[in-house]
Each structure stands twice: as structure tokens, then as C-alpha cells.
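See structure below.
The values are calculated or read from the model by the stated rules, or taken from the named source; none is laboratory data. From a predicted model like this one, the values you see are computed outputs, not experimental measurements. Cβ sites come from the backbone with ideal geometry, for glycine too, and all protein chains shown count toward neighbours. These accessible areas exclude ligands, DNA and RNA; they are computed on the full protein's heavy atoms, side chains included. Shrake-Rupley method; radii C 1.70, N 1.55, O 1.52, S 1.80 Å.
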Amino acid sequence: MAETVDRDGGLPEDLLITILMALPAKCLVRFRSVSKYWNSLITSTEFINIHLAQAKPLLLFHHHNQSYSLRLDNESLDMWSNSEFELPSKREDDDFQIIGSCNGVICILNTLQDHGQSMILWNPSIGKSLNLVLPRLSDPFRGIFGFGFNRQSNDYKFVRVATPQYPVGCHVYSVKKRSWKAIDVSPALGCIKPIPSVLWGRSSSYNYAFLNGVLHWIVDREEFGSRFVLSFDLRNDSFGKVMLSPYLASKLDEWMSILVYDNSVSLFLNDLDTRCMKLWARKIRINARRIGGNGLYWQNGEILMTRYPSDEVVSCDPQSKEIRDLKKLGLSDYAGSFVESLALLDELKEPSFTSAVSSFKCFH
């Protein structure tokens, strides 16, 4: 790119972009007020995507005291920042669950026992959020959920598949279109339901794996007494099925979790016959009892899980088969990959969580 002076008559454009790219998301949000040009540059899709591509990989932990912490995804899990997990609604019957996160946007479900379900898409790095009410169903508390990003259309999507009911009902929310869409589900899926809850209490409805634009869940098909992986492609809003081996498909009474391990969709099986945890991507066995959770693969090649029923975080090494306690992480009921990003900055105008923004520092 040729060196040109920016439109405000200040720094050369190339130098300005280089400087801005190195700044944390919170600082960039503030610098939008410098000028119209800076605002248009920082909120452009190209700038947001490039800034995201160079973001530091972090791990997000949600703790029992309703706070969360961000740690670097490195061997020592160094602290990045702490913040109170403040949500807009304070009703006593609220029940918030983190569905997952993608590109720095956290998807939170509020079951609101007396009022149906609502959802929050929240980027705490920039204090932007989107609050949605889910379409009503006859039984709003049964189903599976997923959240991801369609790179082709630059669109974040939330998916709810209502189960068990026949025909299976599905609704997809598009942030870009600001609308819900009902998806016709093939009768071939039959009557499906989420697998039994995981050991440490987090519902299996929220256990999914997102890889290359596709969501994956483990579900049971009641009429055939078997288990398979249900997929949903965010690029064309279509379902698919991945059949399991006869051995895995028959394990209907055992806890199973799906996760992305080493850039592939993998299964964790708590085998009651051998009392071992099995990582089915590599057919690796880990001798462990009372270890649960959905599992999170981190950069050192190990998998974060929790002890049952204490929710103490442990790290399992699939190669050495060793398990080590990570006491410094405290008690956590959710762990997920995270990055600080500008995601949603070009979509939403007003921040809903201003108190959360102020808790982040500009420099780390």
C-alpha cells in the first residue's frame, strides 16, 4: 500500500493503521471519537477482521461467585483480567447460562422460568450487547443450542433446535439480518433429544462443537435407541448427520461430550465398563473417575475439565494420561476459548453493559 497521509492531515495512513491494529479493543472504541475518518476506519469490516486475526488467544472462565476471568492460553495460564459478570436483569428467578463464545462474543441464555427464554449476545471487550427474546414453543426449556460465525456472510448466528418433539422445530437468528428464521427439518431425523446431563450439572443442551462454520451436537434418536452427531451448517442453514460406530452409538446410558480437539470434532466418553475417560478422536484412554465437564482443548495439547462434584478445574494430558489440578483457577462451571475483539462494533450502536467496559484496562 502506498504511503498516504490520512484524511485528517495527520499520520500517514499505513502508519496509523499499524498503530491502531496494535491497540486493545477498548482503546479503539474510545478512539472512534477522534474523527469521522477514525470512526469509519475502526468500524469497517476489514479492520475488525484483521484486528481479530491477530488477537491473543485467551481462555474464559465463569466462576461460582458469578464473576469471570480471562487468562492467556499458555502453559502457565497467566491472568489477563478479572471482571464482575454483571447482567442487566436482576429478577430473582433469572437463570443465566453461558452457551458459548465465538470471536469474543459471549452467548448467554436466560431461561426466565416464568417468562420464557431470552438470549444475550455480549462482547464485554467493547461493552456491546444484543438482547433477544426466543420464539415461544410449547416446551421452551427442552432443546439444544449453538452459536457461531458464518465467515462467508460475515454473520453471527444463534441456533435452537427444540426437542423432544416431532417434527423437530428449529429457529436460527441472524445478527446481520436482525431476524429469526424457522428451518424445516428433514423427517429423517425422527424424534431426537439431547443426551443425559453431564456429570457436573451443566446441561448437555449447551454442549456443542463449532468448527469451520458448522455446529455439532450429540443426540439420541429415541425410536431406534441409538446415538449420532447432528450437524448444522451456518453457511446454508442445513442439517446433516454423522453416524457413530456401533460401539459408540449403543452407549446410551453413559455420559458423552463433544468438543474440538486438535482441529477436529471429537468425543469424550465416560466408559462405565472400564471406568476410563476415552477421547474418541484418537481412541485415547485416561484413567479418571469423577472427572466431567464438556472439555476444552487448549494450546499446550491438554484438555481442561472439572472434578465432580467440586467443580475444581483439572487438566488432562491425552499423551501422558496424567491429570493435574489447577487450583489457581478456583471453582469454575464454564471454560471456553476467547479473544478480545471488535466483533459487533459495526452491528450495534449503544452499549448495554457500560459497567463491564470500565472494568477492562486499555493495556495489559
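The table that follows gives values for the structure above.
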quantity	calculated
Accessible surface, 1.4 Å probe, highest first, among residues ASP317, ASP155	ASP317, ASP155
Segments 15-23, 332-340 sorted - mean Cβ within 10 Å per residue, highest first	332-340, 15-23
Too-long pairs where the Cα-Cα distance tops 32 Å, listed order kept, from LYS36/LYS181; LYS181/LYS327; LYS56/LYS328; LYS157/LYS193; LYS26/LYS241	LYS36/LYS181; LYS181/LYS327; LYS26/LYS241
Estimated FRET transfer efficiency (ASN300, LYS181; beta-carbon r; R0 45 Å; 0.05)	0.70
